[in-house]
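The values are calculated or read from the model by the stated rules, or taken from the named source; none is laboratory data. On a predicted model such as this, the values are computed, not experimentally measured, just so you know. Glycine also receives a Cβ, built like all others from the backbone with ideal geometry; neighbour counts cover every protein chain displayed. Accessible surface areas use protein heavy atoms only, side chains included; no ligands, DNA or RNA. Shrake-Rupley method; radii C 1.70, N 1.55, O 1.52, S 1.80 Å.
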Amino acid sequence: MIKRLPNYLTILRILLVPIFVALFYWGGEARTYAATAVFAIAAITDWADGYLARRYQGVSPFGTFLDPVADKIMVVTALILIASSQEMTPVLAGILISVIVGREITVSALREWMAELGERKKVAVSWLGKAKATTQMLAILFLVYREALWGVSARIVGIGLLVVAAIMTLWSMLGYLQAAWPSLMASGADLDKDG
């Protein structure tokens, strides 16, 4: 049972997405607190499912596939909602969200390609990727919360963290591309020979 718990937490994270959306748009005065709480729970399940899977040897092909999908659904949905609520200027929101979403698509495709080559370990999640994800989650929490914290604007803190996350996003993507480049070039050379 405990080995299946990481997968249940991942599924829970996906199920929380429509609840988050509903609270974000129709939460009324409680929106700030309720939507923030739901996103925080989802972020905690992201950490917990990985920890439990490693701790109790509960890593499964299903979980390996679904976990990053759940993460991306959650993060991209939150970023779109934040952009639509004009928490940032449209230009800044467009740039930051394009960088973050573009990186996620690129790295996902890269990992898929490397898995085809049998070299997925070369693009396994790095410390920088984990730090980027944490910074991104914190940025979203601040931007959803919106209220002042100890006299400091949560919106300003959130925007600052999202800028840092976007920089880390590009940095980590370049690291993954650099690690994969020799394999990609070798694969491209093999394709030329076959052609």
Original post:
trypsin sites (Lys or Arg not before Pro), restricted to the stretch 1-87: which are DSSP loop and have at most 16 other Cβ atoms within 10 Å?
Top reply: Lys3, Arg4
Subject >> Accessible area per residue, Å², the stretch 1-89 with all protein chains present, probe 1.4 Å >> reply: 55
**OP:** Starting from the Cα of Tyr8, step 7 Å along the direction of its Cβ; do the same at Val59; then give the gap between the two resulting points in nm.
**Re:** 2.3
Original post:
Radius of gyration and Dmax for the stretch 87-193's Cα atoms, expressed in Å?
Top reply: 17.2, 64
**OP:** Sort Asp67, Asp49 from largest to smallest accessible area, using a 1.4 Å probe on the heavy atoms of the protein chains.
**Re:** Asp67, Asp49
**OP:** Would you mind checking the tilt of helix 31-55 against the longest principal axis of the Cα atoms of the chain, expressed as 0 to 90 degrees and rounded to 10?
**Re:** 30
Original post:
So how many Lys-Lys pairs in the chain land under 20 Å Cα to Cα, not counting same-chain pairs under 8 apart?
Top reply: 6
Original post:
What angle, in degrees between 0 and 90 and rounded to the nearest 10, separates the Cα long axis of helix 154-194 from the longest principal axis of the Cα atoms of the chain?
Top reply: 10
**OP:** Using only Cα atoms, figure out Rg for the stretch 89-143 and give it as a multiple of 2.2 N^0.38 Å.
**Re:** 1.37
Subject >> Cα centroid of the stretch 36-85 to Cα centroid of the stretch 16-32, whole Å >> reply: 18
Subject >> From the C-alpha gyration tensor of the chain, square roots of 5λ in Å >> reply: 32, 22, 14
Original post:
How far, in degrees from 0 to 90, does helix 5-26 lean away from the longest principal axis of the Cα atoms of the chain, to the nearest 10?
Top reply: 40
